Each structure stands twice: as structure tokens, then as C-alpha cells.
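Visitor: So that we are looking at the same thing, I have put the structure below in C-alpha cells.
Taken together, the values in this text are just the output of simple stated rules run on the coordinates, not laboratory data. The shown structure was predicted, so the numbers you read here are calculated from the model rather than taken from an experiment. We place every Cβ from the backbone using ideal geometry, glycine too, and count neighbours over all the protein chains shown.
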Amino acid sequence: MNLHIGTAFEAMIGWLRINFEGFFTIIRTMLLGFITGFESLLLFFPAFVIIALAGFLAWRFAGRGITLFTVAGLSLIYGMNLWPQTMQTVALVLTSAFIALSIGIPIGIWTSRSVKADRVIRPMLDFMQTMPAFVYLIPAILFFKLGKVPGAVATVIFAMPPAVRLTNLGIRQVPADVVEAAKSFGSTPRQLLFKVQLPIAIPTILAGVNQTIMLSLSMVVIAAMIGAGGLGEEVLKGITQLKIGRGFESGVAVVILAMILDRISQSFASRNRNHKQHH
């Protein structure tokens with residue numbers, strides 16, 4: 001017996017392409033405009049302005065050591081002549097992470113409040129996390145053609161599950177006695193969510209934000225295979241054209257960028273947690 005589910009999947013993709021072509025064109029235009037606009041904004045300012053701004057954010061939220069690393073790391077990237085590619089990568093990663101969080105956090109809230117929704121969505125999240133990332137590129141290319149947009153779409157699918165899971169977990173971990181006390185004082189479900197559950201769950205939710213950003217960055221090289229550009233394209237050139245030095249420099253730039261984004265986003269959660277402990 002031969003069960004070729006791939007044939008059915010191919011037929012479904014073809015049907016979607018034919019019947020929703022206009023919808024996918026609108027999405028592609030909007031996403032491309034957002035990503036290229038963000039890129040243009042980052043590249044409009046001189047590098048030293050962006051480095052100073054990143055250093056200020058690191059100092060404000062992560063401390064002196066991370067500030068020194070941020071300034072030194074970004075200066076090294078600029079010195080290696082990888083600044084435009086780095087800003088392209090930042091634009092793609094932060095856009096993808098923003099979309100993933102905008103979708104994932106509300107779904108996480110929904111699953112925390114509905115057992116049925118949790119049962120349905122959890123297997124879907126398992127599927128999204130375990131499916132090889134390369135597989136996402138196939139329908140993304142068919143729907144959105146080559147370029148930055150399919151890279152962003154594949155990244156959103158790959159990076160969204162932690163936002164959903166950790167939002168769900170954070171809200172479910174709110175102590176039952178706190179929830180009961182809020183209900184006894186006459187809180188509506190909306191007030192309970194926004195004034196009690198979400199504020200308590202914020203450190204866990206911010207951990208999900210951190211994981212989403214990191215997973216978005218891990219897709220850089222894979223997205224470059226379909227024309228997303230940025231540092232991933234430089235790494236890919238190093239592999240395909242045996243430019244060992246350039247590939248190494250691009251890899252170092254990706255590591256520096258990952259460490260900066262990781263430390264700064266982690267610091268949001270730790271500062272919030274410390275703030276709650278002092279109050």
C-alpha cells in the first residue's frame with residue numbers, strides 16, 4: 001500500500017496558490033515594504049549612531065560588561081566591512097520576531113484560558129518545532145517567490161512556538177490563590193488577565209521573547225538560501241565559493257549579533273523579575 005501524502009500536500013499548495021494569489025501578493029508587498037523600510041532606516045544613520053544607541057540600550061538594561069561587548073562587537077563588525085549585511089540581518093530578524101510575537105502571545109493567552117484550544121494547538125506547535133526548517137522554505141517560495149519575504153515567513157513559523165508555549169505557561173503558573181482573590185474582589189475576566197495574570201507572567205513571557213529572537217537569528221543562513229541576503233548570504237558564499245576567511249568573518253558577526261540580542265533581551269526579563277521581588 002502506497003500512501004503518498006506529499007501528493008495531497010502538493011495539490012493543496014497548488015489550490016491555495018490559484019485561489020489566494022491576490023492575498024499572498026498583498027502580504028508579500030506589505031512585508032517587503034516593512035523589511036526594506038526598516039533596513040533603510042538602519043542604514044540611513046551612520047554606523048557610530050547605531051553603535052552608540054545599541055551601547056546605550058545595553059548600559060541601560062544589561063550592565064557595563066555587556067555595554068563594552070556591544071560597542072566592541074559592533075565596531076569589529078563595522079571594521080570587517082559587514083555593516084550593511086548586519087543591518088539587513090537585524091531588519092529581517094527583528095521584523096520576523098515582531099510578527100511571531102504579535103501572533104504567538106495572543107495565541108498563548110488563548111490556550112492558557114481554553115483547554116480545548118490548548119489540546120488542538122499543542123500538536124501544531126510540536127509539528128512546527130520538529131519539522132526541518134528547510135521544509136518551510138518550499139511553500140514559502142511558492143506563495144511569496146524568492147527574496148526576503150519567504151525568508152521572513154519561514155522564520156516566523158519556525159520561531160513562533162516558544163512565544164506561544166511560554167505565554168501559556170506563564171499565565172498557568174500564576175498562583176491560584178492570587179486568581180481567586182482577584183475574582184473575589186469582583187474582577188472581570190479582562191481585568192483578571194491584564195491586571196493580575198499578565199503582570200505576574202511577564203518574566204516567563206519575556207523568556208519566550210528571548211527564545212523567539214534567538215530562533216529567528218538561527219534561520220539567517222537558511223533564509224539566505226532563498227535570497228534573503230544579509231550575513232547569511234555572506235556565510236553561504238563562504239561555503240559555496242570556498243572563501244574561508246569571508247565565511248569565518250560572517251560567522252563571527254552572526255555570533256556577536258546573537259550574543260548582543262540575547263543578553264539585552266534576557267536582561268529585560270531579569271530586571272522585571274528583580275523589580276517584582278523588590279515590590
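Visitor: So what is the calculated 222 nm ellipticity per residue for the chain, using -39500 (n - 2.57) for each DSSP H run with n of 4 or more, over all residues, to the nearest 500 deg cm²/dmol? Display every interim value, and only then the final one.
Guide: Values: 15 runs with 237 residues, N = 279.
Theoretical 222 nm ellipticity from helices: -28000 deg cm²/dmol.
Visitor: Lys/Arg Cβ at +1, Asp/Glu Cβ at -1, dipole of the range 21-278 taken about the Cα centre: which of Phe158, Pro132, Ala62 is farthest positive-ward?
Guide: The one lying farthest along the dipole's positive direction is Ala62.
Visitor: Under 13 Å from the Cβ of Ile35, count the other residues' Cβ atoms, weight Lys and Arg +1, Asp and Glu -1, and hand me the total.
Guide: Summing Lys and Arg as +1 and Asp and Glu as -1 gives +1.
Visitor: Would you please state which residues of the range 71-93 a label at Lys237 would reach in this model, taking the label point 7 Å out along Cα→Cβ and a backbone N cut-off of under 11 Å?
Guide: 82, 85
Visitor: What does the charge add up to near Gly227, with Lys and Arg as +1, Asp and Glu as -1, over the other residues with Cβ less than 12 Å from its Cβ? Intermediate results must be reported in sequence, preceding the final value.
Guide: On the way: positive: Lys145, Lys148; negative: Glu233.
Neighbourhood net charge equals +1.
Visitor: Using the beta-carbon distance between Ser114 and Phe45 and R0 = 51 Å, what value does 1/(1 + (r/R0)^6) give for FRET efficiency, to the nearest 0.05?
Guide: Numbers: r = 45 Å, r/R0 = 0.87.
Rounded to the nearest 0.05, the efficiency is 0.70.
Visitor: With only Lys, Arg, Asp and Glu charged, each at its Cβ (+1 for the first two, -1 for the last two), find how big the charge dipole of the range 95-215 is about the Cα centre; round to the nearest 20 debye. Before the final figure, lay out the partial values.
Guide: Numbers: 11 positive and 4 negative charges, 46 e Å.
Here the range 95-215 has a charge dipole of around 220 debye.
Visitor: Continuing with this model, one more query. Using a 7 Å offset from the Cα along the Cα-to-Cβ direction at both Ser184 and Met225, what is the distance between the two label points in nm, to one decimal?
Guide: The modelled label-to-label distance comes out at 5.7 nm.
Visitor: Taking a label point 7 Å from the Cα of Arg17 along the Cα→Cβ vector, which residues of the range 135-170 have an amide N closer than 13 Å to it?
Guide: 138-146
Visitor: Same structure again: Under a 10 Å cutoff between Cα atoms, tell me which one of Thr212, Thr25, Thr188 has the largest fluctuation in the Gaussian network model of the chain.
Guide: Thr188
Visitor: Which net charge results when you count Lys and Arg as +1 and Asp and Glu as -1 among the other residues whose beta-carbon is under 12 Å from that of Gln88? Each step should come with its number before you reach the end.
Guide: Working: positive: Lys148; negative: Glu39, Glu233, Glu234.
Within the 12 Å Cβ shell, the charges total -2.
Visitor: Here is a further query. Phe98 to Arg172: extension gain in nm, 0.36 nm per residue of separation minus the Cα-Cα distance? Walk me through the numbers on the way to the answer.
Guide: Details: separation 74, 0.36 × 74 = 26.64 nm, distance 2.34 nm.
Answer, rounded to one decimal: 24.3 nm.
Visitor: Putting +1 on Lys and Arg Cβ atoms and -1 on Asp and Glu Cβ atoms, find which of Ile103, Phe143, Gln173 reaches farthest to the positive end of the dipole of the chain.
Guide: Positive-end residue among those listed: Gln173.
Visitor: ³J(HN,Hα) across the range 89-98 via Karplus (A = 6.51, B = -1.76, C = 1.60, θ = phi - 60°), whole Hz, x for Gly/Pro?
Guide: After applying 6.51 cos²θ - 1.76 cosθ + 1.60, I find 5, 4, 4, 5, 5, 5, 5, 4, 5, 4 Hz.
Visitor: List the lysines whose Cα sits under 25 Å from the Cα of Lys243, skipping any in the same chain fewer than 8 residues away.
Guide: Once the sequence-local lysines are set aside, what remains near Lys243 is Lys148.
Visitor: Another question about this same structure. If you take the charge dipole of the range 21-278 about its Cα centre, with +1 on Lys and Arg Cβ and -1 on Asp and Glu Cβ, which of Ala224, Val93, Thr36 is farthest toward its positive end?
Guide: Projecting each Cα onto the dipole axis, the largest value belongs to Val93.
Visitor: If you don't mind, another one. Can you tell me the dipole magnitude for the range 21-278 around its Cα centre, using point charges on the Cβ only (Lys, Arg +1; Asp, Glu -1), in Debye to the nearest 20? Mind showing how you got there, number by number?
Guide: Details: 21 positive and 10 negative charges, 119 e Å.
Computed charge dipole of the range 21-278: roughly 580 debye.
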